[in-house]
Amino acid sequence: MNNLNKSVIKLTSAVLSVSIASTVNRYRNEYKRRTGLNGNEFLKDNDGNTIEYNLDLNENSNILIVFENGLGTPLESWDYVKLFLKGSYNLLFYNRPKHGFTSTNLSNCGALEKIVKEKVGNDIRIIFVCHSIGALAGCTAVENSPYIKSRTEKIILVDGTEPDLFEAYRNDSEQKGEFMQMCFQKAMAGFFGFQWWGIDKYARRTSYRPDIQESVRLFEANPKEIFITLSEYFNIRVDSLKSILMQQQVAVSIISSFERRTQQKTLAEDYGIPFSLIDKSTHYSIIGHPEFAWELAREVRNVLEK
């Protein structure tokens, strides 16, 4: 090996070491933010494990809006929506089991039950607002918990996962391989800090406040979160969403981004569900850009007032 090759290897190693160290420092700062005075709240289960959540209470309202995160995104992704709905309702944001600092072994509905019972109370009307694959998670919680179901009045799907398309997509060997490859690449990029070398696709579609933007990007690029996301993607069930859509015992509405309008419109027509559109928005900017999040909050209010 000549001297030039040795120099290139040394330089590359040094750059990667600095990049990894910088990324580790970012995660340390994010840990301090999320566990600090202005961060999130943590509820212990019976085994001493945690449920990470954020609860904004309004004593003048008996409506609790439960927000279900999209695939691989944290509770902070609802930041703008929270700002625009704060003061009108009780708002609950949380990270599903094994995501973020939610270490509980409880199921998704078990974690929700514990938060509602201990921190909100029983005299409450629940409305779910579910982004993307959160539609599957929210409906699963409703169908598997009599406690949650008896209090749930409406489910609002924000670009909610279309169950039949999702099943076909994740069972296709080529699509499955591409998705797993993408997850592995993201995990490697997150480990080495490559995502900070340029603006990634997710960052280009969102425009959160600086601390929240960094928080969401760190969460989305965290190798641990990526592999938990991979597991959720292949194991989450679609039957609860399909059951709710077909039986319509709980009122369901769809709010669609412009990017997903064709798929969402078809879903609404197939099941006779009310449909509204946030023009010019994308799948991520519908909650991650202030202009579109404000319109989304307005549509949520419209649904609740009907």
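The values are calculated or read from the model by the stated rules, or taken from the named source; none is laboratory data. Here the structure is a predicted model, which is why all the values come from computation and not from measurement. Neighbour counts run over all protein chains shown; Cβ positions are idealised from the backbone, glycine included. Keep in mind that these areas ignore ligands, DNA and RNA; they rest on the heavy atoms of the full protein, side chains included. Shrake-Rupley method; radii C 1.70, N 1.55, O 1.52, S 1.80 Å.
Over the Cα atoms of segment 152-306, compute the convex hull volume and normalise it per residue, giving Å³. Spell out each step's value before the answer.
Values: hull volume 20.6 nm³, N = 155.
It comes to 133 Å³ per residue, whole-number rounded.
So which helices of the chain fit the span-like rule, where a helix is a whole DSSP H run, its Cα atoms reach 20 Å or more along the axis, and its mean Kyte-Doolittle is at least -1.0?
Both cut-offs are met by 3-35, 173-192, 290-305.
Let me know the Rg and Dmax you get for segment 146-209 when you use only its Cα atoms, in Å.
In order Rg, Dmax, the Cα atoms of segment 146-209 give 17.6, 49 Å.
Excluding L230 itself, calculate the net charge of residues whose Cβ lies under 12 Å from the Cβ of L230, where each Lys or Arg counts +1 and each Asp or Glu counts -1.
Working: positive: K98, R170, K176, K186, K224; negative: E225, E232.
Counting the neighbours of L230, the net charge comes to +3.
Restricting to segment 49-96, compute how many DSSP beta bridges are antiparallel as a %, nearest 5. It would help to have the intermediate numbers written out before the result.
On the way: 4 of 9 bridges.
Beta bridges within segment 49-96, antiparallel portion: roughly 45 percent.
Nearest 20 debye, what's the magnitude of the dipole of the chain about its Cα centre given +1 on Lys and Arg Cβ and -1 on Asp and Glu Cβ?
Working: 37 positive and 37 negative charges, 177 e Å.
Computed charge dipole of the chain: roughly 860 debye.
Based on Cβ point charges of +1 for Lys and Arg and -1 for Asp and Glu, what charge dipole magnitude is obtained for segment 66-164 about its Cα centre, in debye rounded to the nearest 20?
Details: 11 positive and 11 negative charges, 79 e Å.
Dipole about the Cα centre, nearest 20: 380 debye.
Residues of segment 81-102 with the amide nitrogen closer than 17 Å to a label point 7 Å from the Cα of Y31, along Cα-to-Cβ, please.
Within reach of a label on Y31: 99-102.
At each listed q (0.10, 0.14 Å⁻¹), what is the log10 of I(q)/I(0) that the Debye formula gives for the chain modelled as equal alpha-carbon point scatterers?
-0.56, -1.09
What percent antiparallel are the DSSP beta bridges of the chain, to the nearest 5? Don't jump to the answer; show the numbers that get you there.
Working: 8 of 34 bridges.
Counting DSSP beta bridges with both partners in the chain, the antiparallel share is about 25 percent.
In whole Å, what are the extents of segment 85-155 along the principal axes defined by its C-alpha atoms, from largest to smallest?
Dimensions of segment 85-155 along the principal axes of its Cα atoms: 30, 27, 26 Å.
Could you pull the accessible area for K201 with a 1.4 Å probe, rounded to 10 Å²?
About 130 Å², rounded to the nearest 10.
Please report, to two decimal places, log10 I(q)/I(0) for segment 12-101 at q = 0.15, 0.16, 0.25 Å⁻¹ as given by the Debye formula with identical point scatterers on the Cα atoms and no solvent.
Debye output, listed in q order: -0.70, -0.77, -1.29.
How do W197, W294, W78 stack up against each other in accessible area, from largest to smallest, with a 1.4 angstrom probe?
Values: W197 155, W294 130, W78 0 Å².
The ranking, largest first, comes out as W197, W294, W78.
When the solvent-accessible surface of protein heavy atoms is calculated with a 1.4 angstrom probe, in what order do E167, E30 fall, highest first?
Details: E167 60, E30 15 Å².
I get E167, E30, largest accessible area first.
Quick one: compute the contact order of segment 3-154, relative version, from alpha carbon pairs under 8 angstrom and 6+ residues apart, as a percent.
Values: 204 pairs, mean separation 34.5, N = 152.
Once divided by the residue count of segment 3-154, the mean separation gives 23 percent.
Report H289's accessible area, 1.4 Å probe, all protein chains in place, as a number in Å² to the nearest 10.
60 Å²
First compute the accessible area of the chain with a 1.4 Å probe, then give the percent of it belonging to carbon and sulfur atoms. If you can, show how the numbers build up before the last one.
Details: 7650 of 14720 Å².
Of the solvent-accessible surface of the chain, carbon and sulfur hold 52 percent.
Relative contact order for the chain: what is it in percent, counting Cα pairs under 8 Å that are at least 6 residues apart? Intermediate results must be reported in sequence, preceding the final value.
Numbers: 465 pairs, mean separation 58.2, N = 306.
Normalised by residue count, the contact order of the chain is 19 percent.
Taking 8 Å as the Cα distance limit and 6 or more residues as the minimum spacing, I'd like the relative contact order of segment 208-306 as a percentage.
Working: 72 pairs, mean separation 21.1, N = 99.
Relative CO of segment 208-306 lands at 21 percent.
Taking R0 as 22 Å, what FRET efficiency do you get between D47 and S231 from their Cβ-Cβ distance, rounded to the nearest 0.05? Intermediate results must be reported in sequence, preceding the final value.
On the way: r = 21 Å, r/R0 = 0.93.
The computed FRET efficiency comes out at 0.60.
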